[in-house]
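Structure first, commentary second.
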Amino acid sequence: MESGDQPQPLPTPPLPPPHPQAQPPRQQLSQHLSGSLSFSSHLSTEEEDMSKSAIFSYRAKEEEIEKRKKEVRERVISQLGRIEEETKRLALIREELEMLGDPMRKEVAVVRKKIDAVNKELKPLGQICQKKEREYKEALETFNEKNKEKVQLINKLMELVSESERLRMKKLEELSKNLESVQ
């Protein structure tokens with residue numbers, strides 16, 4: 001049944017004629033003593049009034065029940081609406097709570113991936129650098145050794161040149177003395 005539909009009241013079955021014991025004793029006596037039509041029609045009007053009253057009472061109770069059902073249905077719908085709103089609110093709070101743990105989670109994840117990629121590139125570059133550093137150190141050591149050797153050789157050369165000049169000067173002096181003596 002949809003919320004807008006209202007059930008139709010059930011058709012009321014005709015009420016049975018009142019039981020002779022249910023009637024007041026005075027009526028029973030009158031009915032028993034009088035067999036006239038006018039009394040009989042008066043009694044059926046009275047029965048009809050009672051029947052109408054019972055039907056009216058029944059319909060009034062049905063309307064009251066329907067009214068209460070409608071009120072309860074509206075309260076349930078209202079409660080469901082509030083529950084739905086509260087559920088949405090709780091979902092938002094949960095999202096905010098999760099974001100509170102790490103508000104920059106997505107950005108952090110992107111940066112971490114970039115760091116991992118750079119680390120992968122750095123590893124072979126680091127190995128190349130270490131190799132080049134070793135080569136550089138070896139080359140520098142060799143350069144320094146050769147430079148030291150060169151300095152030693154230059155010193156040796158200077159000594160030799162100096163010694164050669166000294167010896168030649170000495171020889172020249174001797175020759176010059178010899179030449180003077182010859183003259």
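Is it fair to say Ser41 is at pLDDT below 85 and small (Gly, Ala, Ser)?
yes
Among Val111, Val161, which is the only one that is under 60 Å from the mean Cα position of the chain (by Cα), among the hydrophobic types (A, V, I, L, M, F, W, C) and open to solvent by less than 100 Å² (accessible area, probe 1.4 Å)? Show your work before the answer.
On the way: Val161 fails: under 60 Å from the mean Cα position of the chain (by Cα).
Only one candidate qualifies: Val111.
Look through Arg73, Arg105 and report the one residue that is on the phi < 0 side of the Ramachandran plot and open to solvent by less than 100 Å² (accessible area, probe 1.4 Å).
None of the others qualify; the one that does is Arg73.
Would you point out which residue out of Glu98, Glu145, Glu180 is at pLDDT below 90 and surrounded by 10 or more Cβ atoms within 10 Å (Cβ to Cβ)?
Working: Glu145 fails: at pLDDT below 90; Glu180 fails: surrounded by 10 or more Cβ atoms within 10 Å (Cβ to Cβ).
The unique qualifying residue is Glu98.
The values are calculated or read from the model by the stated rules, or taken from the named source; none is laboratory data. Keep in mind it's a predicted model, so treat the numbers as computed, not measured. Every residue, glycine as well, gets a Cβ built from its backbone with ideal geometry; the counts of neighbours run over all protein chains shown. These area figures cover heavy atoms from the full protein model, side chains too; ligands, DNA and RNA do not enter into them. Shrake-Rupley method; radii C 1.70, N 1.55, O 1.52, S 1.80 Å.
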